[in-house]
Amino acid sequence: MFHRLFDLVPGVHFFAKNREGHLMFASKGLLQRYQMASENEILGRTDFDLNPDVMARAYVEDDARLLAGKVEKVERIELWWDQQGMPDWFVVSKLPLRDKQKCVAGVMGLLRRPDESERALPVFQTVARAVDVMRRDYAKPLLIADLARECGESVRQLQRRFQSAFGSSPQEFLIKTRILAAARLLEGTTLTVAEISTRCGFVDASSFTQHFRKRTGVTP
């Protein structure tokens, strides 16, 4: 039961999943982030049970690489929900979970906030600033050129830094942020699709539906 120690480390969350993606363990920090009172509410669930499809697909793709033995470690920035229900970013480290025969039986991982040394790196400073602007102003008509200027970077530099940190462009990150915000409104309010599209920064309901379907596989 050594993993209980992770509950005592501020800002660090631990999880373990089997080959099918079902959660076998989740530290108290994860339970709190999902607003669950006990392990019974989260054990056995998958990423798709807990997160919007856009996010879950990214998690499962990383897991698949570990399960197939293509990589021994995955470490990158992932989107997670903050306490206000908006997407935020964490450094996620994943390793294969092996059985007594040393066969890969699942995935185990840690989530944590970037530390001071990581935040001092130029890529994190730029990305963090851009992410903060997107999270704050995603409902506004944001232009990537204006965002790059605010971060003191060229558009090309910003594109490169986002690709390094998230594996996607700032344009795609902005769209995903809007879709994640929209998904929360779809699940938790009675607002119409048109009202949600306006609140989340889409040009109109048609554009919102197109982007939503492309990234989730279903319509709003």
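The values are calculated or read from the model by the stated rules, or taken from the named source; none is laboratory data. Predicted model, so just to flag it, every value in this text is computed and none were measured. A quick note on method: Cβ atoms are made from the backbone with ideal geometry, for glycine too, and the neighbour counts reach across all protein chains shown. Surface areas here come from the heavy atoms of the whole protein model, side chains and all, with no ligands, DNA or RNA. Shrake-Rupley method; radii C 1.70, N 1.55, O 1.52, S 1.80 Å.
Numbers for the structure displayed
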{"quantity": "Filtered residues of the stretch 162-175 (kept if open to solvent by less than 60 Å² (accessible area, probe 1.4 Å) and out of contact with any His (no Cβ under 8 Å at 6 or more places or on another chain))", "calculated": "F162, A165, F166, G167, S168, S169, P170, E172, F173, L174"}
{"quantity": "Qualifying residue in the stretch 105-120 (condition: without any contact (Cβ under 8 Å) to a residue 40 or more places away in the chain, surrounded by 13 or more Cβ atoms within 10 Å (Cβ to Cβ), more than 29 Å from L67 (Cβ to Cβ) and hydrophobic (A, V, I, L, M, F, W, C))", "calculated": "no"}
{"quantity": "Filtered residue count, the stretch 203-220, keeping only those that are free of Cβ contacts under 8 Å to residues at least 24 places away in the same chain and either under 16 Å from F173 (Cα atoms) or in a helix (DSSP H, G or I) (or both)", "calculated": "7"}
{"quantity": "Selection within the stretch 130-176 - under 14 Å from T198 (Cα atoms) and not acidic (D, E)", "calculated": "Y138, A139, K140, P141, L142, I175"}
{"quantity": "Residue satisfying all of: in the stretch 76-101; among the hydrophobic types (A, V, I, L, M, F, W, C) and open to solvent by 30 Å² or more (accessible area, probe 1.4 Å); modelled with the lowest pLDDT among these", "calculated": "M86"}
{"quantity": "Qualifying residue in the stretch 134-146 (condition: in contact (Cβ under 8 Å) with a residue 40 or more places away in the chain and in a helix (DSSP H, G or I))", "calculated": "yes"}
{"quantity": "Count - residues of the stretch 15-35 that are touching a Ser or Thr at 6+ places or on another chain (Cβ under 9 Å) and assigned to a loop (DSSP other than H, G, I, E, B)", "calculated": "3"}
{"quantity": "Flag for Q210 being under 21 Å from V91 (Cα atoms) and at pLDDT 90 or above", "calculated": "no"}
{"quantity": "Members of the stretch 36-63 found to be assigned to a loop (DSSP other than H, G, I, E, B), touching a helix residue (DSSP H, G or I) at 6+ places or on another chain (Cβ under 9 Å) and open to solvent by 50 Å² or more (accessible area, probe 1.4 Å), listed by number", "calculated": "A37"}
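Yes/no matrix, rows are residues, columns are (1) assigned to a helix (DSSP H, G or I); (2) farther than 27 Å from D62 by Cα; (3) open to solvent by 60 Å² or more (accessible area, probe 1.4 Å); (4) touching a residue at least 12 places away in the same chain (Cβ under 8 Å):
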site: A130; (1), (2), (3), (4): yes, no, no, yes
site: R149; (1), (2), (3), (4): yes, yes, yes, no
site: G152; (1), (2), (3), (4): no, yes, yes, yes
site: Q157; (1), (2), (3), (4): yes, no, yes, yes
site: T190; (1), (2), (3), (4): no, yes, yes, no
site: G201; (1), (2), (3), (4): no, yes, no, yes
